[in-house]
Amino acid sequence: MPVHPNFDPANLYFITTTAVQRVHLFQRDVIKRIIADSLNYMRVQGWIHLHVFVIMPNHVHIIVRFLGEHTLSDVMREFKKHTAKQIIRQYQAEDNQQVLAFLEQMAADIPDQRYKVWEEGYDARDVFSSDFLRQKMEYSHNNPCQPHWQLAERPELYPWSSARYYLLGAPAIIAVDDVRELLV
């Protein structure tokens, strides 16, 4: 879903975006760091308020509010374009021909594009209530603990999410904008 039909900059959005064919491209910390740094950049530059995030091996969940003239579709396009370039550059620097060949194959039918890192579009849902916000926060933070992932025993032990901030009051790997005031 590349464009949210009723985008309202006053709303929070729960967004999920996924690696091409759900492949575990983001498994390693060096790749997760590229994604985290990009989210942090958008926050620092005033594009978004980043309230919740989790970076998983093949997808990312965020809860954000878009600021100024920065729309959902513009921010997601720039985020995916920038992170794709950096991820490709990382795999090139490592001379990882296997991953590069796969990413090239995924872009074979796309004119003027050599590699494909992300699936087309993203899922963006309006955060329409404090209950929905709480549900999506818990879902995001608990995602690494799910039996099929087993990335952490407890949400706050997974470094690539905002769980530490909300559950321990400790800094997350990147800064987040507190959203608890909306959890009525």
*Which pairs do you get when a residue that is over 20 Å from PRO9 (Cα atoms), found in region 128-140, comes within reach of a residue that is open to solvent by less than 100 Å² (accessible area, probe 1.4 Å) and part of a helix (DSSP H, G or I), reach meaning Cβ atoms under 9 angstrom, with the pair 6+ apart or on two chains?*
GLU138/PRO155; SER140/PRO155; SER140/ALA163
*asked:* Quick check on region 30-51. Is at least one of its residues small (Gly, Ala, Ser), part of a helix (DSSP H, G or I) and open to solvent by 70 Å² or more (accessible area, probe 1.4 Å)?
replied: no
*Is there a residue in region 149-157 that is within 21 Å of ARG33 (Cα to Cα), among the aliphatic types (A, V, I, L, M), open to solvent by 50 Å² or more (accessible area, probe 1.4 Å) and in contact with a Phe, Trp or Tyr (Cβ under 7 Å, 6 or more places away or on another chain)?*
yes
*Residues (among the hydrophobic types (A, V, I, L, M, F, W, C), surrounded by 15 or more Cβ atoms within 10 Å (Cβ to Cβ) and assigned to a loop (DSSP other than H, G, I, E, B)) located in region 85-131*: ALA107, VAL117, VAL127
_Flag if LEU50 is under 15 Å from GLY121 (Cβ atoms) and among the aliphatic types (A, V, I, L, M)_ = no
*When both residues are 6+ apart or on different chains and their Cβ atoms are under 6 Å apart, which pairs have a first residue that lies in region 68-87 and is small (Gly, Ala, Ser), and a second that is open to solvent by less than 60 Å² (accessible area, probe 1.4 Å)?*
ALA84/VAL117
*Subset of region 81-118 (residues that are at positive phi and at pLDDT 95 or above)*: ASP95
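The values are calculated or read from the model by the stated rules, or taken from the named source; none is laboratory data. Since this is a predicted model, take the numbers as computed values, not measurements. Every residue, glycine as well, gets a Cβ built from its backbone with ideal geometry; the counts of neighbours run over all protein chains shown. Each accessible area value is taken on the protein alone, full model and side chains, heavy atoms only, with ligands, DNA and RNA left out. Shrake-Rupley method; radii C 1.70, N 1.55, O 1.52, S 1.80 Å.
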